[in-house]
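Working notes, beginning with the structure itself.
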Amino acid sequence: MRVVDPRLLRHAPSARRFLVLAGLLAALSVAVTIAQAVLFAHIVVAAFLEGSGVATLLPALLAFGGLALVRGALTWALDSGGNLAAQRVARELRARVLAHVVRTTPGDVPTAEVATATTEGTSALEPYFARFLPRLWLAVLAPTAILVWVAVHDLPSALVMLVTLPLIPVFGVLIGKLTQARTRARWQALARMSAHFLDVVSGLTTLRVHRRGVAQARGIADTTQAYRRETMGVLRVGFLSAFVLELAATVGTALIAAEIGIRLVAGGLTLQPALMVLLLAPELYGPLRAVASDFHASADGVTAASRLLDLLRRRPAVAVPEPARPPRFGVVRFEDVVAAYPGRGTVLDGVNFELRPGERVALVGASGAGKTTLLALLLRFADPVAGRITVDGVDLREFDPREWRRLLTWLPQRPRLRPGAVRDAVLCDGGPRIAERLGVGDLLERSVGEDGAGLSSGEVSRLALARALGRDVSLTLLDEPTAHLDPASAAVVAATLRELPAHRTVLAATHDADLLGVADRVVELRDGRARQPQRAVTS
Ligand SMILES: Nc1ncnc2c1ncn2[C@@H]1O[C@H](COP(=O)(O)OP(=O)(O)OP(=O)(O)O)[C@@H](O)[C@H]1O
């Protein structure tokens with residue numbers, strides 16, 4: 001596992017800036033630490049061996065106090081800078097991931113995974129930035145600078161330091177390997193728990209109907225227990241690592257103290273360098289010990305970040321050329337369009353047909369014939385695997401899908417409303433009037449919860465229809481618009497379609513006789529092809 005993922009630096013500019021800033025602050029902090037040790041040794045020797053008075057030592061004492069303040073300020077700056085960077089990076093990554101997943105095929109998004117990674121995952125970045133990264137810099141800079149400084153002033157002590165120092169990284173790596181496996185297992189358990197919970201909640205009605213509620217509660221308890229076990233495992237490794245590393249650092253410092261003591265007694269060393277080395281010894285091991293014991297925080301942060309970054313690696317479902325052409329509506333032509341799903345094979349196998357501006361076309365075909373798939377291609381949820389769809393001769397792939405979708409409205413088979421005030425969800429040019437005609441006008445003052453909670457599915461369908469028909473756009477795509485409606489409402493939909501302004505083009509997948517009556521043309525999908533357009537049956 002890399003302690004700093006280069007992709008993180010690429011995708012989150014705040015991470016790059018913080019890494020540079022943390023390096024500078026850490027370098028300053030190391031310089032201040034060394035200066036403090038030198039000053040302290042000087043003050044002690046001057047006061048106790050040379051008998052200097054307070055007046056003589058005042059500048060040195062003031063400088064020492066000043067350095068202590070600077071060191072405190074640097075530690076504070078590193079901490080709060082880290083917290084700030086973590087929040088910024090979390091925001092940047094969350095925005096990127098969410099913007100990216102909406103470009104992948106709807107239904108193909110691992111919802112629970114995205115939810116976990118962008119909430120729990122991003123909060124795991126906080127200890128990583130606020131603690132681990134600054135300490136990583138200190139762990140690189142402090143031992144190097146202290147070793148060089150001590151080597152210049154007392155070579156034997158530097159040699160002892162050089163021999164004992166690797167103890168900590170060695171223990172750190174051993175424990176790190178254990179931490180890494182444990183952390184990965186913990187994240188997997190968390191993702192499993194979230195996905196399972198989401199599945200259960202979305203299927204709650206079905207579970208109640210089939211009296212499977214209690215069994216599912218047991219399932220939730222089991223996945224929660226598995227997550228608890230993994231979390232405790234990670235904590236155990238964390239405590240173990242803290243103990244082992246503390247021991248290694250203490251042994252290292254003790255060896256240096258013993259070596260210095262012996263040479264001091266034997267007269268091979270004077271007090272000032274001895275004191276300085278003794279003061280610097282804990283500073284040599286300290287940052288390494290801190291970074292090694294924080295490895296589990298880093299492992300959590302790195303794992304969380306790499307899960308977010310992996311989501312960014314998911315290829316978008318549709319290609320977007322740079323620069324994308326601004327879309328203009330016109331004649332839509334399907335030219336030998338082939339569509340396929342992995343594991344299902346070809347659904348549309350050379351579809352050819354034309355949709356002229358202002359036409360009302362009904363799309364019919366047996367269940368599974370590919371009507372929804374054809375609408376999905378027009379919506380650019382996917383691109384044809386062969387052939388092309390053109391708008392006034394321009395390949396649909398030339399346009400930015402988001403810009404293209406601004407020219408359309410779409411009523412899916414299972415429509416949803418944005419949670420909140422119903423009026424806001426349906427707010428569009430003619431929406432409220434159509435809602436009124438469909439008998440759901442009074443619902444506009446109500447509010448709707450997640451997934452349509454608080455409204456019946458028929459009410460959601462009618463409100464969504466009002467939204468789709470009410471927006472004055474070029475192309476309206478309707479997928480079984482009357483499937484969940486009573487005959488009276490279906491007749492209103494047909495009448496509304498008939499009254500739509502002439503410039504609006506409508507393509508509706510339907511079997512409803514009323515709607516077929518409104519259509520200028522009927523296109524039938526059979527055996528993966530669009531059959532010769534027939535004249536619509538006029539009502
Ligand atoms: N995401 C998917 N992965 C694999 N196969 C799929 C996927 N979506 C649809 N299919 C398959 O593609 C075929 C066409 O599906 P599609 O939903 O386009 O048909 P449809 O004509 O709209 O059917 P219906 O009238 O029942 O809504 C079906 O056999 C379906 O099982």
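Looking at Arg208, is it under 18 Å from Val237 (Cα atoms) and either assigned to a helix (DSSP H, G or I) or in contact with a Ser or Thr (Cβ under 9 Å, 6 or more places away or on another chain) (or both)?
So Arg208 does not fit the description; no.
Please verify whether Pro323 is away from the ligand (no atom under 16 Å from the Cβ), in contact with a helix residue (DSSP H, G or I) (Cβ under 6 Å, 6 or more places away or on another chain) and without any contact (Cβ under 8 Å) to a residue 60 or more places away in the chain, treating the condition exactly as stated.
no
Considering the stretch 373-401 alone, what residues qualify as being within 13 Å of the ligand (Cβ to nearest atom) and among the aromatic types (Phe, Trp, Tyr)?
Residue satisfying the conditions is Phe381 alone.
State whether one or more residues within the stretch 466-481 are closer than 23 Å to Val364 by Cβ, of a type in the set (Val, Ile, Thr) and in contact (Cβ under 8 Å) with a residue 40 or more places away in the chain.
Within the stretch 466-481, one or more residues are closer than 23 Å to Val364 by Cβ, of a type in the set (Val, Ile, Thr) and in contact (Cβ under 8 Å) with a residue 40 or more places away in the chain.
Please indicate, with yes or no, whether at least one residue in the stretch 453-466 is within 16 Å of the ligand (Cβ to nearest atom), outside the structural domain of Ser202 (by TED's automatic domain parsing) and basic (Lys, Arg).
No: the stretch 453-466 contains no residue that is within 16 Å of the ligand (Cβ to nearest atom), outside the structural domain of Ser202 (by TED's automatic domain parsing) and basic (Lys, Arg).
Under 6 Å by Cβ, and 6 or more places apart or on different chains, what pairs join a residue from the stretch 363-378 that is in the same structural domain as Leu516 (by TED's automatic domain parsing) with one that is β-branched (Val, Ile, Thr) and near the ligand (Cβ under 6 Å from one of its atoms)?
Correct list of pairs: Gly370/Val347; Thr373/Val347.
Conditions (1) more than 16 Å from the ligand (Cβ to nearest atom); (2) of a type in the set (Gly, Ala, Ser); (3) without any contact (Cβ under 8 Å) to a residue 24 or more places away in the chain, marked per residue:
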| site | (1), (2), (3) |
| --- | --- |
| Ala85 | yes, yes, no |
| Val102 | yes, no, yes |
| Glu113 | yes, no, no |
| Arg131 | yes, no, no |
| Ala145 | yes, yes, no |
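Evaluate the following for Val318: is it buried (at least 24 other Cβ atoms within 10 Å of the Cβ) and not in a helix (DSSP H, G or I)?
Criteria not met by Val318.
When you look at Pro481, is it within 13 Å of the ligand (Cβ to nearest atom) and within 21 Å of Glu436 (Cα to Cα), yes or no?
So Pro481 fits the description; yes.
Count, please, the residues in the stretch 347-372 that happen to be more than 7 Å from the ligand (Cβ to nearest atom) and closer than 15 Å to Phe334 by Cβ.
Count: 12.
Could you please find all residues in the stretch 392-407 being assigned to a loop (DSSP other than H, G, I, E, B), surrounded by fewer than 16 Cβ atoms within 10 Å (Cβ to Cβ) and not hydrophobic (A, V, I, L, M, F, W, C)?
Across the stretch 392-407, the qualifying residues are Asp392, Gly393, Arg406.
Go through Glu524, Glu480, Glu445 for me and flag whichever is farther than 30 Å from Pro327 by Cα and either of a type in the set (Val, Ile, Thr) or touching a strand residue (DSSP E or B) at 6+ places or on another chain (Cβ under 9 Å) (or both).
On inspection, the qualifying residue turns out to be Glu445.
Working carefully through the options Leu74, Leu58, find the one that is part of a helix (DSSP H, G or I), aliphatic (A, V, I, L, M) and touching a helix residue (DSSP H, G or I) at 6+ places or on another chain (Cβ under 9 Å).
Going through Leu74, Leu58 in turn, the sole match is Leu74.
Looking at (1) buried (at least 16 other Cβ atoms within 10 Å of the Cβ); (2) not in a strand (DSSP E or B), which is the one condition that is false for Ile389?
Unmet for Ile389, out of (1) buried (at least 16 other Cβ atoms within 10 Å of the Cβ); (2) not in a strand (DSSP E or B): (2).
Yes/no per residue for (1) buried (at least 17 other Cβ atoms within 10 Å of the Cβ); (2) among the hydrophobic types (A, V, I, L, M, F, W, C); (3) free of Cβ contacts under 8 Å to residues at least 24 places away in the same chain:
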position: Leu198; (1), (2), (3): no, yes, no
position: Thr205; (1), (2), (3): no, no, yes
position: Gly213; (1), (2), (3): no, no, yes
position: Glu230; (1), (2), (3): yes, no, no
position: Ser241; (1), (2), (3): yes, no, no
position: Leu245; (1), (2), (3): yes, yes, no
position: Ala266; (1), (2), (3): no, yes, yes
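For the stretch 360-386, name all the residues that are part of a strand (DSSP E or B) and over 26 Å from Thr496 (Cα atoms). Even if it seems obvious, please write down each step before you answer.
Initially, the stretch 360-386 is screened for residues part of a strand (DSSP E or B), giving 360-364, 386.
Selection gives Ala386 alone.
Specify the residue that is farthest from the ligand (Cβ to nearest atom); the eligible residues are those in the stretch 408-423 that are within 28 Å of the chain's Cα centre (by Cα) and not hydrophobic (A, V, I, L, M, F, W, C).
Gly420
With touching a Phe, Trp or Tyr at 6+ places or on another chain (Cβ under 8 Å) and over 30 Å from Ala151 (Cβ atoms) as the only criterion, which of Leu190, Leu204, Leu198 stands out?
Being touching a Phe, Trp or Tyr at 6+ places or on another chain (Cβ under 8 Å) and over 30 Å from Ala151 (Cβ atoms) holds for just one of Leu190, Leu204, Leu198, which is Leu190.
Have a look at Ala145, Ala151 and point out the one that is surrounded by fewer than 19 Cβ atoms within 10 Å (Cβ to Cβ), assigned by TED's automatic domain parsing to the domain that holds Val302 and more than 10 Å from Leu280 (Cβ to Cβ).
Exactly one residue qualifies, and that residue is Ala151.
The values are calculated or read from the model by the stated rules, or taken from the named source; none is laboratory data. What you see is a predicted model, and the numbers here were worked out from it, not measured in a lab. Glycine also receives a Cβ, built like all others from the backbone with ideal geometry; neighbour counts cover every protein chain displayed.
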